[in-house]
Structure formats: C-alpha cells, structure tokens
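**Q** Please read through the structure below; I'll follow up with questions.
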Amino acid sequence: MKKRTRKLQFDTKTKQKIYQREKGQCLFCSMNYHMENWDTYAYKVKDIMHYINKSAGGLGIMENGVLGCRYHHSLLDNGNKGLRQEMLQIMKEYLKSKHPEWDESKLVYEKYDF
C-alpha cells in the first residue's frame, strides 16, 4: 500500500479513539438530525466519517473524523437531500470544540510535509 493511501485511512487505534471520544454515538443521531429512516439497522452500524474526503486528500486522523451511523454517512456522502454543506458545518464545529488547535489546512495529505 502506498504511503499516501495509508495516511488517508483511519488506522485501528485512531478509530478506537474516535469511537471513545464520541462514546459510541453517531454525532448526528445524538442531535436527532434528520432521523426519518425507518431502517433501524442503518442507525446501528457505525462508520468513521471523514470531514475532508479521502478523494480530496483528507487524512485519517482524529481531527478529520467523527463517528456516524451508516444512515447519516450515506446522507453525507450521497448528498441527494442537499444536506452535505450543513452536515459538514456541524462536523467542523464539533471537531473545533474537541480539538482547540484544529486547523482545516492540516487535514490534507501533503507529499512534502516541511
């Protein structure tokens, strides 16, 4: 696996830390954000969601990830309901509250990290 690809993935230790930080709860479920899905299984399965997508070089670090259920992850990624920007703003505010030194420019992979 190439170095860039590894840096974009959340490793096991980081996933565990994010899961603990969120106390196992989806960020959006904890806010009752757009809870109109009747498939309860989609709320039970948890994923780590990137604030800055892997496709945009978003790193697999705590400052770039939040815990989300499969339903809300789908809402974020698919964007078919026009909620993506609002969800990203919620994620941003949350990450800033958890990481006082949070800086969006430090969440993207740089080949030459000087």
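The values are calculated or read from the model by the stated rules, or taken from the named source; none is laboratory data. None of these values were measured; they are calculated from a predicted model. Cβ sites come from the backbone with ideal geometry, for glycine too, and all protein chains shown count toward neighbours. The protein model used for the area step is the full one, side chains on, heavy atoms only, and it has no ligands, DNA or RNA in it. Shrake-Rupley method; radii C 1.70, N 1.55, O 1.52, S 1.80 Å.
**Q** For the chain, what is the accessible area per residue in Å², given a 1.4 Å probe and the full set of protein chains? Spell out each step's value before the answer.
**A** Numbers: 7430 Å² over 114 residues.
That works out to 65 Å² for each residue.
**Q** Ok, one more. Give LYS17/LYS46; LYS17/LYS92; LYS23/LYS81; LYS13/LYS54; LYS15/LYS92 a once-over and call out the pairs whose C-alpha atoms are over 21 Å from each other. All intermediate terms of the calculation are to be shown ahead of the outcome.
**A** On the way: LYS17/LYS46 14 Å; LYS17/LYS92 18 Å; LYS23/LYS81 28 Å; LYS13/LYS54 18 Å; LYS15/LYS92 18 Å.
Beyond 21 Å: LYS23/LYS81.
**Q** Where does the chain land at 222 nm, in deg cm²/dmol rounded to the nearest 500, when only DSSP H runs of n ≥ 4 count, each adding -39500 (n - 2.57), divided by all residues?
**A** -11000 deg cm²/dmol, from helical runs alone.
**Q** Turning to a different aspect of this structure: Can you pull out the trypsin sites (Lys or Arg not before Pro) in the stretch 1-63 whose DSSP state is coil and whose Cβ has at most 10 other Cβ atoms within 10 Å?
**A** Listed in order of number, the matching sites are LYS2, LYS23.
**Q** If you don't mind, another one. When the Karplus curve 6.51 cos²θ - 1.76 cosθ + 1.60 is applied with θ = phi - 60°, which whole-Hz ³J(HN,Hα) does each residue of the stretch 26-33 get, with x for Gly and Pro?
**A** Along the stretch 26-33, the couplings run 4, 3, 7, 5, 5, 9, 6, 7 Hz.
**Q** What is the Å³ per residue value for the convex hull set by the Cα atoms of the chain?
**A** Numbers: hull volume 13.0 nm³, N = 114.
Spread over its residues, the Cα hull of the chain gives 114 Å³ apiece.
**Q** Calculate what fraction, in whole %, of the accessible area of the chain sits on carbon and sulfur atoms when a 1.4 Å probe is rolled over the protein chains.
**A** 49 percent
**Q** Now for a separate question. In the stretch 16-46, which residues have a backbone nitrogen under 15 Å from the label point lying 7 Å from ASN80's Cα in the Cα-to-Cβ direction?
**A** Under cut-off, by backbone N: 36-39.
**Q** Tell me which residues come under 5 Å, amide H to amide H, from VAL108 once H is placed; ignore anything under 5 positions away on its chain.
**A** Distant-sequence amide H within range of VAL108: LEU59.
**Q** Something else about it: Scanning the chain for GluC sites (Glu not before Pro) in DSSP loops with at most 14 other Cβ atoms within 10 Å, what's the longest stretch left with none?
**A** Formally, the longest exposed-site-free interval is 37-100.
**Q** Loop only by DSSP, 12 or fewer other Cβ within 10 Å of the Cβ. Give me the trypsin sites (Lys or Arg not before Pro) in the stretch 64-113 that pass, ordered by residue number. Can you show the working numbers first?
**A** Values: sites: ARG70, LYS81, ARG84, LYS92, LYS96, LYS98, LYS106, LYS111; in loops: LYS81, LYS111.
When the trypsin sites (Lys or Arg not before Pro) of the stretch 64-113 are filtered for loop state and at most 12 Cβ neighbours within 10 Å, LYS81, LYS111 remain.
**Q** For a quick check of your reading of the filter: which chymotrypsin sites (Phe, Trp or Tyr not before Pro) in the stretch 1-79 sit in a DSSP loop and have no more than 11 other Cβ atoms within 10 Å?
**A** Passing both the DSSP loop test and the Cβ count: TRP38.
**Q** Then there is this: Just how large is the dipole of the chain about the Cα centre, in debye to the nearest 20, putting +1 at every Lys and Arg Cβ and -1 at every Asp and Glu Cβ?
**A** Roughly 520 debye for the chain.
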